[in-house]
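What follows is a single structure, written as structure tokens, with notes after it.
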Amino acid sequence: MAGLTFLIVFLVLMALVAIVPQVLRRFHIPAVVAIMLVGIAIGPNALDLVRHLNHFLGRGYPTEQIYVVLDAMGLLGLVFLMALAGMEVNLRIMLVEKRAVAWLSLLTFAIPAAAGYAVYGFFEPADTIGKWVYASLFASHSVGIVFPLIRELKATRTRFGVTVLASTVITDMGSLILLAMCIQLKRHAIPGRVAGSISVFDHVDPGFLGAWFFVLFLGAIAAFILLSFWLLPKAARYVLARLHPHDDARLTFFIVGLLAVVSIGELIGVSVIVSAFVGGMAIVGVPAFHEQSCVLHRNIEGIGYGFVIPFLFLTIGMKTDLRVLLAAWENTAIVGVTVLGLVVSKTASGWLAMRLAGFGDKKGLCAGLMTVPQLSATLAAAAVALQLQMIG
């Protein structure tokens, strides 16, 4: 019976996710890092625990289908993580700290992007699209790492936390839009489409519209964000007001609305990261989220942090192949320069921005270091870029 196979696999994985972070916490290792280390250790590129466990059970169920389910859980975890990150952003505090947010967003985008452009240009001076892709990869941050760390430090509503989180998302949106523009240029030059893409812009020839293509593309993204902030709260107020604060259907309707926003975003080429974050920001202002001691918000956090979000970090770890690092010594130069350029440009830009915004050296350095980690968005972007032969 296939259901029993899944049950046992999930039992083992959930046990590891629950126990290992508690053990590693004694060594001051964050839960996010601990779960990714678990994924690396048990993934198909290391112990391959899922396959061995499946064979041990002897039911003949395809291991690949188990990994498909785990990937789907990881994607759902990404949606929940970004929605919860959006729900933590206090727009009032963000407006108060607009100077700090503006400096951090601008400098941590522009300086790393320039560094990425220069690094790729040094090795491939004739590849213009590749240089812009590298610029977008350097500029992107990892909300998936930053937000859990800020939350673990209980700094989500402090000046520092709001500034770092808001600027991280703004910078991520900018880098993803830049990457999307590069993809649209390259995508129509090669046969086929990017796997998993449902964007209507896949079917629009940039050459037909000329420069207006990017105007239309950016306009569609802006319209999507504005409509989400206007329509989603109205729909949520209407539905949630008709349900009791403790009615479980409230949580169900929240998930339906969030997934609808994400799906519509995908249709126009907006990344899941951006659309889920926008959905969280848009819906959290609805009064129903603050009734009965924020019971709905707590339920969402319980499902997110207690169940689906760990699968995001677990699957990221599972997809990490450390053998690639060992096999890439022939590319030592580009790997070394890339890592050095990334760390230096991000740390320096974060420190400079926070100093200009009035923060001290320690917080400036912390903010800079928080922008260094690259996670799901960068990995996904790099995978798409490689698939489209935008970088070599």
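For this structure, a couple of remarks:
- Flag if Ala85 is out of contact with any Cys (no Cβ under 7 Å at 6 or more places or on another chain), modelled with pLDDT under 80, in a helix (DSSP H, G or I) and under 30 Å from Arg159 (Cα atoms): yes
- Within the range 94-106, residues that are touching a residue at least 24 places away in the same chain (Cβ under 8 Å) and among the acidic types (Asp, Glu) reach partners that are surrounded by 17 or more Cβ atoms within 10 Å (Cβ to Cβ) and not in a helix (DSSP H, G or I) with beta carbons closer than 9 Å, at six or more positions or on different chains, in the pairs Glu97/Ala357.
- Residue among Gly279, Gly306, Gly269, Gly302 that alone is under 17 Å from the mean Cα position of the chain (by Cα) and at pLDDT 80 or above: Gly279
- Helices (runs of 4 or more DSSP H) (entirely within the range 207-295) containing at least 2 residues that are free of Cβ contacts under 8 Å to residues at least 40 places away in the same chain: 212-240, 249-267
- Of everything in the range 10-53 that is of a type outside the set (A, V, I, L, M, F, W, C) and not in a loop (DSSP other than H, G, I, E, B), the residue that is nearest to the chain's Cα centre (by Cα) is Gly39.
- If the condition is being aliphatic (A, V, I, L, M) and at pLDDT 85 or above, then the range 102-127 contributes Ala102, Leu104, Leu106, Leu107, Ala110, Ile111, Ala113, Ala114, Ala115, Ala118, Val119.
- Candidates Leu258, Leu232, Leu240, filtered to the one that is farther than 27 Å from Leu312 by Cα, surrounded by 14 or more Cβ atoms within 10 Å (Cβ to Cβ), in the same structural domain as Leu84 (by TED's automatic domain parsing) and at pLDDT 85 or above: Leu240
- Residue match in the range 68-76 (condition: in a helix (DSSP H, G or I), over 18 Å from the mean Cα position of the chain (by Cα) and not assigned by TED's automatic domain parsing to the domain that holds Ser275): yes
The values are calculated or read from the model by the stated rules, or taken from the named source; none is laboratory data. Just so it is clear, the structure is predicted and the values come from calculations on it, not from any experiment. All Cβ positions, glycine included, derive from the backbone under ideal geometry; neighbour counts span all protein chains shown.
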